[in-house]
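Data block below; observations after.
The values are calculated or read from the model by the stated rules, or taken from the named source; none is laboratory data. In this text the structure is predicted, and so the values were computed from the model without any measurement. Every residue, glycine among them, receives a Cβ derived from its backbone with ideal geometry; neighbour counts consider all protein chains shown.
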Amino acid sequence: MKKGPAVGNAVILVFFLFMLFASLGLHEVRRFGEIGSGFWPILILSLASILSAILLFSSLLKGKERGEKESEEPPSPDSIASRRRARNIVILSSVATLIYIFTMQWVGFAIATLLYVLGFIIILGERRKWVLIFSPLLVTVFILVVFSKFISIPFPRGIGVFGELSRFFF
Amino acid sequence: MFEHYLAAFAAIFQPQNLLAMILGGLWGIIAGALPGISTSMGVVLLIPFTFGMSPLTAFTILVSAYCGGITGGSITSVLFGIPGEPSAVCTVIEGHALAKQGHAARALWIFIIASAIGGIFSVFVMMVGTPLIANFALQFGPPEYFALTLLGLSVVSGISGGSVLRGILSCLFGLFLATVGTDGITGVERFTFDSIILLGGIELVPAMVGLLAISEILLEAEQPYTEYKGSAHYRGLREEMPTLAEYLEHWVVLAKSCVIGTISGALPGGGATIASFLAYGEAARSSKKPDRFGNGAVDGLMAAEASNNASTGGSMTILLSLGIPASNTTAMLIAAFMIHGLQPGPLLYSQRPDIIFGIFVAMLVSNIFLVALSIVGVRMFLQMNRLPYSVFSAAIMVLCVIGAFGLRNSIDDLYIMFACGIIGYFMKKLAFPIAPAVLGLVLGDRAEASLRRSLLLSLGDPLILVSRPISAILLFLAAFSIIYPIFKKSRMFRES
C-alpha cells in the first residue's frame with residue numbers, strides 16, 4: 001500500500017482541524033446585531049474538515065484495495081535514484097529561492113539575482129560553460145534594464161558596500 | 001452608447017494602449033504556447049507590472065494577453081504536437097496531423113484565422129450581452145450577491161480536473177486563506193498567529209504567483225527536461241495560405257463553433273477546454289467525412305480553434321456584467337480589477353463606462369491584431385525553442401519574484417509567495433487542482449462580506465437567502481452546477 005497520499009490527506013485533515021480549533025475563539029467577537037468574525041471561518045473549516053476526513057478515509061480504502069491486488073515488487077534501483085534526484089532538485093531549488101529572498105535586502109537585487117540565476121541553472125543540471133557564464137549576466141542585465149530603468153521598480157540595493165555597488169547599476 | 005464607443009476607440013488607439021495591446025498579445029502567445037505556462041499564469045505574471053499603468057492601459061494589456069494565450073496555446077500544438085494549453089488538445093489531434101503530412105503552415109493559417117473569427121464573434125456577443133445582463137443585475141442586494149458569489153465558486157466542479165472532492169477542498173482552502181488577516185468588520189486578527197506579515201491578509205498577487213507559477217517551476221524542475229521533438233514540416237507561411245473558398249466551405253462549422261464557444265465560455269465551469277471539445281465533437285458528428293477526423297480534418301481544426309477563442313468573450317461577458325469568473329483566467333482578472341480599485345459587476349458598467357467600453361474595443365482590436373501577432377509568434381517561437389530550459393526557468397522564477405515584490409515593494413510578500421509556492425507544489429503532488437484555491441482566495445472576501453450583510457439585514461435569519469426569487473434561483477443554479485458533474489461522473493462510473 002502506498003502511504004504517500006494517505007499521509008498527505010492526514011496532514012490536510014490535521015491542518016483544517018487545527019485551524020478550526022483556532023477559529024472557535026473568534027466566534028463571539030462581534031458587536032450587537034453583527035455576525036461574528038468566526039462565523040465564516042468556522043463554516044468553511046468545518047466543511048473542509050469533514051471533506052478531508054472523507055478523502056482520507058477513501059484514500060486509505062483505495063490504498064488497501066490496491067495493496068491487496070498488487071504484488072509487492074520492490075522499486076528498481078534506477079527509479080529510486082531518479083526519485084531521489086528529483087527530490088534533491090526540488091529541495092535545492094526551494095532553498096536557493098529562500099536564500100535569494102532572504103539575502104536580497106542585504107546584498108541587493110542585482111548581485112542576489114546574478115548569483116541566484118547561476119545557482120538555479122546549476123541545480124537544474126546545466127553544465128555548459130558558456131551558458132553558466134553568460135546567461136546569469138544576460139538575465140540580470142535584461143531584468144534590471146526593463147524593470148528598474150523603464151518600469152522604475154525600487155529594487156532593494158543592499159547595505160554597506162553592496163549598496164554602493166548597486167548604485168552603479170540602478 | 002455610441003459616444004462611449006467613439007471615446008473608447010479614441011482611447012485604445014492612443015500609442016501607449018496600442019503598445020500595451022501588442023506586448024500583451026505577444027506575451028499571451030508566448031505564455032500560451034509554452035507548456036508549463038498557462039494563459040492564467042501568463043495573465044497573473046503580467047498583473048504586477050500593470051500597477052503603474054492607467055486602468056484602461058492595464059486592462060488592454062491583460063485582455064490582449066488573455067486572447068493571445070488562448071491563441072498561442074495552439075502554436076506548439078501544431079508545430080510540435082504539444083498542447084500549450086488544455087484547450088488546444090483537439091488542435092494537436094488535427095493540426096499536428098496536418099503538420100506531419102507536410103502542411104504545418106496551412107494548419108497554422110487555419111487556426112490563426114479561425115481563432116480570429118471566434119474571438120471577434122464573441123466580442124460582438126459581449127458588446128450586446130453585457131449591458132443587458134448588467135442592467136438586470138442592478139436589482140441585486142447582499143443576498144443576491146452572496147448567491148452570485150456562490151455561483152461563481154460553483155465553477156469549482158468544472159475546473160477541478162479529475163476529482164471534484166479535491167477541487168472543493170482546494171476551493172475551501174482558498175476561502176480560508178482569504179480570511180487570514182484583520183477582519184474588515186470587527187477589526188479582529190484572524191489566523192495571524194502574531195505575525196506582522198499576515199496582519200494585512202494574504203495579498204492576491206503573491207499568493208497567486210506562488211500557487212500557480214512557483215509550484216509549476218518546482219514541479220517541472222523535477223523532471224529531466226526533454227527537448228521538443230517536432231516532426232512537423234514547416235515550409236513557410238506564404239506558400240500555404242488557404243483561400244477564402246476553403247473557409248466559406250466550412251462556414252456552418254465555424255458559425256456553430258463560435259456559438260458553442262461563446263455559450264460555453266459564459267457558463268460557470270465551462271471555459272475554453274470544454275468549448276473546444278464540444279465544438280470538435282459536434283463538427284465530427286455532423287461531418288460528411290467523419291473518417292478524416294484524427295488525420296488532419298480542416299473542419300475539426302477550425303471548430304476547435306473558433307470555439308476556444310469564442311469562449312473568451314463569453315467568459316468576459318459574465319465577468320463584466322455580474323462580476324463572477326466563468327474561467328480560471330477571468331478569476332485572475334477579478335484580482336486585477338481589485339488591484340486597480342475597481343469592482344467588476346453591474347455597477348462598474350454605469351460608474352466606469354470608459355473601462356467597460358475600453359475593454360470591448362481592446363478585445364475587438366486585439367483579436368484582429370492577433371492575426372499578425374500570431375505570425376510573429378510562430379517565427380519567434382521557432383527561435384525561442386533554442387533557449388536552454390534551465391535559463392528559461394530561472395528567468396521565469398526571477399519574474400515571479402519581481403511580480404510579487406512589485407505590488408507593495410515588500411520583501412514580506414516574497415515570503416508569502418514562497419510559502420504559497422511550496423503549498424502549491426504539494427497540492428499538485430497530491431493531485432489537488434490549484435485553480436479552485438485561487439478562485440476561493442479571489443471570491444472569499446466578497447462571499448463573506450455579502451453573507452454577513454445579508455444576515456445583518458435579516459437579523460440573523462438565513463431564510464433571507466432563499467426567500468428572494470433571484471437569490472433562490474442563483475443558489476439553485478450554484479447547487480446544480482456543483483452537484484450535476486458529480487452525479488454525471490458517478491453515473492458514468494456505474495455504467496463503465
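Whether a residue is over 24 Å from B:Ser471 (Cβ atoms), at pLDDT 85 or above, in a loop (DSSP other than H, G, I, E, B) and within 13 Å of chain A (Cβ to nearest Cβ) was assessed, and B:Thr186 does not pass this test.
Scan region A:95-138 for residues that are outside any helix (DSSP H, G or I) and surrounded by 16 or more Cβ atoms within 10 Å (Cβ to Cβ) and the total you get is 3.
For every residue, the table says whether it meets (1) surrounded by 19 or more Cβ atoms within 10 Å (Cβ to Cβ); (2) at the interface with chain A (Cβ under 8 Å from one of its Cβ atoms); (3) touching a residue at least 40 places away in the same chain (Cβ under 8 Å); (4) of a type in the set (Phe, Trp, Tyr).
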residue	(1), (2), (3), (4)
B:Ser390	yes, yes, yes, no
B:Cys400	yes, no, yes, no
B:Gly403	yes, no, yes, no
B:Ser410	no, no, no, no
B:Cys420	yes, no, yes, no
B:Tyr425	yes, yes, yes, yes
B:Pro433	yes, no, yes, no
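Considering only residues in region A:10-36 that are farther than 13 Å from B:Phe173 by Cα, surrounded by 15 or more Cβ atoms within 10 Å (Cβ to Cβ) and at the interface with chain B (Cβ under 7 Å from one of its Cβ atoms), the one that is modelled with the highest pLDDT turns out to be A:Ala22. With the structure loaded, tell me whether A:Glu164 is without any contact (Cβ under 8 Å) to a residue 12 or more places away in the chain, away from chain B (no Cβ under 11 Å) and surrounded by 12 or more Cβ atoms within 10 Å (Cβ to Cβ) or whether it fails that test. Here the answer is yes, as A:Glu164 does meet what is asked.
For region A:139-154, the criterion of being surrounded by fewer than 16 Cβ atoms within 10 Å (Cβ to Cβ), facing chain B (nearest Cβ under 7 Å) and either assigned to a helix (DSSP H, G or I) or among the small types (Gly, Ala, Ser) (or both) is satisfied by no residue at all.
Listed here are the residues, each with its yes/no results for (1) assigned to a helix (DSSP H, G or I); (2) in contact with a strand residue (DSSP E or B) (Cβ under 6 Å, 6 or more places away or on another chain); (3) of a type in the set (S, T, N, Q); (4) surrounded by 24 or more Cβ atoms within 10 Å (Cβ to Cβ).
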| residue | (1), (2), (3), (4) |
| --- | --- |
| B:Arg285 | yes, no, no, no |
| B:Lys288 | no, no, no, no |
| B:Leu301 | yes, no, no, yes |
| B:Ala304 | yes, no, no, yes |
| B:Asn308 | yes, no, yes, yes |
| B:Thr312 | yes, no, yes, yes |
| B:Ser315 | yes, no, yes, yes |
